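No value in this document is a laboratory result; all are computed from the given coordinates. Small disclaimer: the values here were computed from a predicted structure and weren't measured. Positions of Cβ are generated from backbone atoms using ideal geometry, with glycine treated the same way; all protein chains shown enter the neighbour counts.
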Amino acid sequence: METKNAVQMVDITKTFGSVIANNKVSLTIDKGEILSLLGENGSGKTTLMNMLSGIYLPDSGQIYVNGEKVTIASPRDAFALHIGMIHQHFKLVDVLTAAENIVLGLNEAPLIDLKNVRAAVNDICDRYGFVVEPDKKVYDMSVSEKQTLEIVKVLYRGADILILDEPTAVLTPQETDKLFAVMRNMQADGKAIVIITHKLHEVMAISDRVAVLRKGEYIGDVPTSETSPQKLTDMMVGKATTLNIDRPEPENITERLVVKDLTVVDSDGVKRLDHVSFTAYGGEILGVAGISGSGQKELLEAIAGLQRIEEGGSIVYTPREENAAGEELVGKSPMDIKKMGVRLAFVPEDRLGMGLVGNMNIPDNMMLKSYDAGKSVFTDRKTPRDLGASIIEQLEVVTPGLSTPVRRLSGGNVQKVLVGREIAAHPALLMTAYAVRGLDINTSYTIYRLLNEQKKLGTAVIYVGEDLDVLLELCDRILVLCAGKVSGVVDGRKIKKEEVGLLMTHLGQEAQA
């Protein structure tokens with residue numbers, strides 16, 4: 001008998017040591033349906049889907065595909081069952097073409113006929129509305145093109161059940177709309193689609209049904225037409241949660257940072273920033289928008305003294321003190337900047353590579369910011385320990401204890417530790433790169449509140465973000481970057497999301513607020 005269920009997961013349990021990632025979770029995915037999977041950080045969403053895609057094997061429970069009980073012990077088993085997962089971090093080889101990436105590892109024949117591969121790719125594109133150039137190298141592709149290639153790759157391999165993990169994280173609104181149109185075409189063709197996302201407005205726009213996990217347990221599911229972002233948040237968190245981002249009017253704004261003609265060229269000779277100029281004020285939040293790789297990372301690192309700046313560029317920092325003179329930061333190392341008394345805090349994009357030391361525990365990571373502050377020959381361990389305990393409590397960091405190495409924490413909890421440490425330094429200039437990436441709704445709004453508190457204290461906040469809805473709701477002004485150049489500085493209260501999206505792709509007219 002034909003079943004409408006593409007997948008049934010029954011009493012799935014998965015543990016990692018003493019941590020229960022999934023506890024007797026039962027979930028169904030229907031054919032021709034788009035299902036959104038929601039939950040806070042550590043709720044078990046990705047772990048559950050990793051078991052369906054063959055990356056993990058359940059400790060107990062059963063999985064049924066098209067009504068038949070199956071064992072999925074590897075990604076190859078998943079592909080044999082027509083299940084494909086598109087991960088948040090792409091699994092592509094940069095030096096190969098789109099067609100070569102699609103057939104990589106398939107071993108279909110001793111000699112690969114790329115002509116047939118190209119024809120098959122074009123058929124898939126025509127059927128669902130994709131645009132893929134089979135002979136284009138991955139390193140020449142935009143983020144959106146790579147995302148499309150990953151989806152075409154699993155469709156080429158016969159996937160009827162697709163899992164997309166945070167698929168819109170680095171897409172412009174226009175690119176997101178194109179992706180959603182393609183997803184609806186695949187749905188119309190009978191595909192079962194699961195989307196893991198933290199963006200509730202996208203959940204409401206694209207999904208038919210929403211399933212919610214909390215702390216590794218299945219809370220329930222609801223038709224999207226019968227729910228709201230507020231109700232879904234309450235289900236995820238287990239209590240009523242306010243979803244409004246406060247944006248107080250800037251008061252007594254003062255010039256904190258003046259950047260002029262900032263140009264950065266990387267080691268390969270590629271110009272990452274091209275004569276970037278702007279001013280950041282104390283008492284405001286300046287957002288930075290742009291598609292991935294537009295120079296956001298290099299901009300913050302240049303201000304922090306981590307990038308070499310080409311001749312002619314200038315970064316002048318003015319302290320909070322009244323009548324204080326501005327100081328040039330170009331040519332200064334991070335230690336030089338610190339010795340100058342510049343109260344700068346930086347939450348980098350690379351949490352464990354640049355922000356924290358993975359093998360060190362939370363108090364030791366707190367100490368990295370203040371180890372040279374004391375005058376005694378003995379290191380003060382009490383202050384960083386108290387700070388670590390305070391951050392765990394305030395930001396609800398899930399950790400076995402203070403002595404646990406931060407590399408053992410989930411990505412979201414690592415981010416909480418990093419953001420908490422930098423804000424605790426009471427900076428005059430706070431720079432954050434994707435501060436809420438990977439964080440659940442509840443914690444994200446806590447971070448927004450903390451940033452606004454810094455703004456009220458007169459701190460100049462530079463917020464690099466990927467969610468345009470948040471940028472428009474949180475920031476006073478938004479600096480838009482495209483290919484390393486400033487395509488506009490706009491008023492966050494007046495600009496529309498679509499206009500920002502056009503500026504991000506250089507299709508809009510330059511705007512100045």
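For this structure, a couple of remarks:
- Given 199/239; 332/494; 45/69; 231/297; 24/69, the pairs whose alpha carbons are separated by over 26 Å: 332/494; 231/297
- Under the convention that each Lys and Arg Cβ holds +1 and each Asp and Glu Cβ holds -1, the size of the dipole of the stretch 254-512 around its Cα centre is about 700 debye.
- When each of the peptides 255-265, 385-395, 424-434 is scored by the mean number of other C-beta atoms lying within 10 Å of its residues, the order from highest to lowest reads 424-434, 255-265, 385-395.
- Residue 244 paired with residue 473, simple spin-label distance in nm, labels 7 Å along Cα-to-beta-carbon: 1.2 nm
- For the stretch 1-137, a/c is not less than 1.5, where a ≥ b ≥ c are the root eigenvalues of the C-alpha gyration tensor, and a/b tops b/c. That puts it in the prolate class.
- Three-way shape label, the stretch 120-267, alpha-carbon gyration tensor, a/c 1.5: oblate
- Dipole magnitude for the chain: computed about the Cα centre from +1 point charges on Lys and Arg Cβ and -1 point charges on Asp and Glu Cβ, it is near 1080 debye.
- Inter-label distance for residue 226 and residue 80, nm, one decimal - labels placed 7 Å from Cα along Cα-to-Cβ: 3.9 nm
- Reach of residue 115 by Cα under 29 Å, taken over lysines that are not fewer than 8 positions away in the same chain: 91, 136, 137, 146, 153, 178, 191
- Cα shape, the chain, gyration tensor, a/c 1.5 rule: prolate
- Subtracting the Cα-Cα distance of residue 270 and residue 389 from 0.36 nm times their residue separation leaves 38.5 nm of extension gain.
- Acute angle (nearest 10 degrees) that the helix 441-456 long axis makes with the longest principal axis of the chain, alpha-carbon atoms: 20 degrees
- For the stretch 254-512, the relative contact order is 26 percent, taking Cα pairs closer than 8 Å that sit 6 or more residues apart in sequence and dividing their mean separation by the residue count.
- Residue-wise HN-Hα coupling along the stretch 258-274, computed from phi with Karplus coefficients 6.51, -1.76, 1.60 (Hz; x: Gly, Pro): 10, 10, 10, 6, 7, 10, 10, 10, 7, 5, 8, x, 8, 7, 8, 10, 10
- Selected from 148, 158, 169, residue furthest toward positive end of dipole (the stretch 132-176; charges at beta carbon): 158
- The label-point distance for residue 491 and residue 279, in a model that sets each label 7 Å from Cα toward Cβ, rounds to 1.7 nm.
- The helix-only estimate of mean residue ellipticity at 222 nm for the chain, built from DSSP H runs of length n ≥ 4 each weighted as -39500 (n - 2.57), is -9000 deg cm²/dmol after division by the residue total.
- Set of aspartates and glutamates near residue 31 by C-alpha distance (under 17 Å), chain-local residues within fewer than 8 positions excluded: 2, 68, 160, 189, 208, 221
- Dipole of the stretch 5-237 [Lys/Arg +1, Asp/Glu -1 at C-beta], most positive-end residue of 74, 192, 87: 74
- Placing unit charges on the Cβ atoms only, positive for Lys and Arg and negative for Asp and Glu, gives the stretch 150-276 a dipole magnitude near 260 debye about its Cα centre.
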